[in-house]
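S.K.: Dumping the structure here so I can ask a few things about it.
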């Protein structure tokens, strides 16, 4: 009876949390191993009662079930606030423990980020940045990169990075690593780099990849334009914006015009921290001398193919270097 009451009480608390906080399930608020095995323990306990205490399996005892259960639920509901506090405390400890475990078991350098107070313009400086997931998937050695947006130590305020380089050269990876580092830093976790300094970002906007929405009749180009419009309407000076190959969903001429207009607006009007990856090389010429734009590319090299037949092969270095891609 007590175990059945516990089941009902947990379901009731879950319903209360859905009403108060919009949480669809208790498991999304508390996700620790002990709760995942609760149902199995309940079944084992009930089976022991059924085997060892058959004398209690009497129909008369069921007459008292409703009263006992009602009292238990009433007592539990009366302590719902205290239970919620306990759940929130356990959730917080679980998250902090996960942060610590990730930092201690990391196969690369992790550092404590330094949060700066905003003075004149937003800042993001990272040394030795690497992407944990990319390393885990490839199994190859780390290729750390340095990245700086905003006021640097020389007084230059280049808060926009115009990134070029070949396909598969690592442009999207370094953009995702930057986004991941900022999210972890503002969560209070160590970040995957040697050092990290930043002013807080009020939001992060991304336009990565190319996809359509066939069920709603939206083409790749329409999806791209809709998401870009959302960035232009909502981004602020304190935002971080990542745009990957904007304009590739349409013709080269129209795509370049869109990329140019969006990049110029974000640099000169919004003035936010911006990573803009593109294959439109004329953009690098247009903004080569802009005081707020830094031109960088993902390095690669050509070397003779093994076999001595005179053919060359492209080798990706995954290194972020200054200047436009040659």
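S.K.: Subtracting the Cα-Cα distance from 0.36 nm times the residue separation, let me have the gained length for residue 120 to residue 257 in nm, one decimal.
M.R.: Numbers: separation 137, 0.36 × 137 = 49.32 nm, distance 3.11 nm.
So the extension gain works out to 46.2 nm.
S.K.: Separate question: If neighbour count is taken as other Cβ atoms inside 10 Å, put 121, 251, 219 in order from fewest to most. Display every interim value, and only then the final one.
M.R.: Numbers: 121 17, 251 10, 219 13.
Fewest-to-most Cβ neighbours within 10 Å comes out as 251, 219, 121.
S.K.: Additional query: Neighbouring Cβ atoms within 10 Å as the yardstick, rank 196, 300 fewest first. Walk me through the intermediate numbers first.
M.R.: Details: 196 25, 300 18.
Listed from fewest to most nearby Cβ atoms, that is 300, 196.
S.K.: Subtract the Cα-Cα distance of residue 90 and residue 204 from 0.36 nm times their separation in residues, and report this length gain in nm to one decimal.
M.R.: Values: separation 114, 0.36 × 114 = 41.04 nm, distance 2.86 nm.
Taking 0.36 nm per residue and subtracting the Cα distance, the gain is 38.2 nm.
S.K.: Now for a separate question. In what order do 79, 127 fall by count of nearby beta-carbon atoms within 10 Å, going from fewest to most? Walk me through the numbers before you get to the answer.
M.R.: Working: 79 13, 127 16.
Taking fewest neighbouring Cβ atoms as first place, the list is 79, 127.
S.K.: Give me the one-decimal nm value for the distance between modelled label points at residue 214 and residue 66, 7 Å along each residue's Cα-to-Cβ direction.
M.R.: 5.6
S.K.: So what is the relative contact order of region 198-277, in percent, for Cα pairs below 8 Å that sit 6 or more residues apart? Walk me through the numbers before you get to the answer.
M.R.: On the way: 108 pairs, mean separation 26.4, N = 80.
Relative contact order, region 198-277: 33 percent.
S.K.: When only C-alpha pairs under 8 Å and at least 6 residues apart count, what is the relative contact order of region 109-322, in percent?
M.R.: Numbers: 406 pairs, mean separation 56.3, N = 214.
Contact order relative to length: 26 percent.
Bear in mind that the values in this text are calculations on the coordinates, not laboratory data. All of these numbers come straight from a predicted model, not from anything done at the bench. Neighbour counts are summed over all protein chains in view; Cβ atoms, including those assigned to glycine, are modelled from backbone coordinates with ideal geometry.
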